[in-house]
1. Would you pick out the residues in region 136-153 that are farther than 16 Å from residue 218 by Cβ and within 26 Å of the chain's Cα centre (by Cα)?
2. What's the total number of residues in region 231-240 that are touching a residue at least 60 places away in the same chain (Cβ under 8 Å) and surrounded by fewer than 23 Cβ atoms within 10 Å (Cβ to Cβ)?
3. What do you reckon, is residue 465 in contact with a strand residue (DSSP E or B) (Cβ under 9 Å, 6 or more places away or on another chain) and modelled with pLDDT of 85 or more?
4. Determine whether region 506-515 contains at least one residue that is surrounded by fewer than 19 Cβ atoms within 10 Å (Cβ to Cβ) and farther than 21 Å from residue 393 by Cα.
5. Hey, any hits in region 80-89 for a residue that's outside the structural domain of residue 7 (by TED's automatic domain parsing), surrounded by 12 or more Cβ atoms within 10 Å (Cβ to Cβ) and in contact with a helix residue (DSSP H, G or I) (Cβ under 8 Å, 6 or more places away or on another chain)?
6. Can you name every residue in region 1-16 that is assigned to a loop (DSSP other than H, G, I, E, B) and without any contact (Cβ under 8 Å) to a residue 60 or more places away in the chain?
7. For region 356-441, give me every one of the strands (runs of 3 or more DSSP E) that falls completely inside it and has 3 or more residues that are in contact (Cβ under 8 Å) with a residue 24 or more places away in the chain, under 17 Å from residue 509 (Cβ atoms) and over 24 Å from the mean Cα position of the chain (by Cα).
8. Need the failing condition index for residue 49 against (1) within 30 Å of residue 12 (Cβ to Cβ); (2) in a helix (DSSP H, G or I); (3) in contact (Cβ under 8 Å) with a residue 24 or more places away in the chain, just the number.
């Protein structure tokens, strides 16, 4: 057995002579061990062929010779993470050669320009084991994130609108939900951003922390002013109804009118409207705040950014009561982003962002609510839903559902009735943002390559625009995720009827539907074991 110094290969030779047995694997390994090459990298295939040739070798024949292995030194490599905050070690043990030492690794770190002190324990353990894969042996200091600016509302939460009394009736005279403020009322506090701390990579270079967003109060806020003693606090400058936004709050004035009719004309403004009389047929009301009507809403069109309270009820023109007119125009149409309370709803299209509650009943109307619909009080056996369609995400509750005449009545619960349309709108806005981001990103890349083209602070303005677009995209993605959840049937969805369900009623919970063909006693209609059941 001999070692070729130039190549460090092991060569085995055997000459067949009288009285000498050919070697076997154990004998070959003994020779290797005696020469100090027991840990060499051996070629098992070459050894098997060599031993086989030795068995067949004839006395006096030329010696059998073969390369059966080699001596290899230990091997290691260093990898630095893309952010420069970590150095990892891959280490392989020697096979008959020289082992890697800690000094070898330290020298390599210095040659790579790494100034971070290696982890002594990790390095010692790896070298003693002679083997490791992706072991972190040196690390920089990661930058610490800051805290973005926060906008905290200083307004007291609204009280529940028109709660039920002990008899189960809804007192629509209780307008405690209407939150009004006077000049000087604190509305919102801005908590400035706290910037993070820069880090240091393994090469000793600073790693900048991501700047924490520190936007001021939004532009265009109305009815407010900064507190002279603390500019981070907004105060009401006028009396009115506060409207919160993500980065501020506005105060809308409250407008009082006797009636909305031909004398007043249509009403459209940012604020809250109080009507001491009626909103007459054909009139339109659009306000950003609440609408409180002491009389009735006839076949008019009402849109509110807050809540709607109608003491006298909502009533359009019943089918057949108008001659030669448009039946759609004869309906009362009321839409609000908050909750809606009315004495009754008849021949109307009503949509509310949260809850709808009526004191008596709903008749021949299209009614939709983001949370629940309550007609009358199921506890007292009063209230009914007759004809038309009612849709709510969580629950529809009434005493009587349908009519003895078999009037077609549809009730749907389980999914948000507005989520599909809103999801389409948000997706369209998201696609528009992606297009805008692409254009602005091209400008950023262009100025990075051609800084001389960025006149003044143009480059910073472009970067700020890209940051805003990215933040808006994140908010839209979060909204899409929330809407996707609302499109899944709610397991808690229920249709609750305390007294009687008449034949002719169709119910739908999520994607499952059922038609009730004959009168049934009241109960709860739910999805149980993948089917609709009355319990």
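1. Just the residues of region 136-153 that are farther than 16 Å from residue 218 by Cβ, to begin with: 136-147.
Answer for region 136-153, where residues must be farther than 16 Å from residue 218 by Cβ and within 26 Å of the chain's Cα centre (by Cα): 143, 144, 145, 146, 147.
2. Qualifying residue count for the region: 1.
3. Working: in contact with a strand residue (DSSP E or B) (Cβ under 9 Å, 6 or more places away or on another chain): no; modelled with pLDDT of 85 or more: yes.
So residue 465 does not fit the description; no.
4. Going residue by residue through region 506-515, those that are surrounded by fewer than 19 Cβ atoms within 10 Å (Cβ to Cβ) are 506, 510-515.
Now restrict to residues that are farther than 21 Å from residue 393 by Cα: none.
No, the conditions are met nowhere in region 506-515.
5. We begin by selecting, within region 80-89, every residue outside the structural domain of residue 7 (by TED's automatic domain parsing); these are 80-89.
Still in the list and also surrounded by 12 or more Cβ atoms within 10 Å (Cβ to Cβ): 80-81, 83-89.
Still in the running and in contact with a helix residue (DSSP H, G or I) (Cβ under 8 Å, 6 or more places away or on another chain): 87, 89.
Within region 80-89, one or more residues are outside the structural domain of residue 7 (by TED's automatic domain parsing), surrounded by 12 or more Cβ atoms within 10 Å (Cβ to Cβ) and in contact with a helix residue (DSSP H, G or I) (Cβ under 8 Å, 6 or more places away or on another chain).
6. First, pick out the residues of region 1-16 that are assigned to a loop (DSSP other than H, G, I, E, B): 1, 5-8, 15-16.
The answer is 1, 5, 6, 15, 16.
7. Working: elements: 361-369, 372-375, 384-392, 395-401, 409-413.
Hits in region 356-441: 384-392, 395-401, 409-413.
8. Going through the list (1) within 30 Å of residue 12 (Cβ to Cβ); (2) in a helix (DSSP H, G or I); (3) in contact (Cβ under 8 Å) with a residue 24 or more places away in the chain, residue 49 breaks only (3).
The values are calculated or read from the model by the stated rules, or taken from the named source; none is laboratory data. This is a predicted model, so every value here is computed, not measured. A quick note on method: Cβ atoms are made from the backbone with ideal geometry, for glycine too, and the neighbour counts reach across all protein chains shown.
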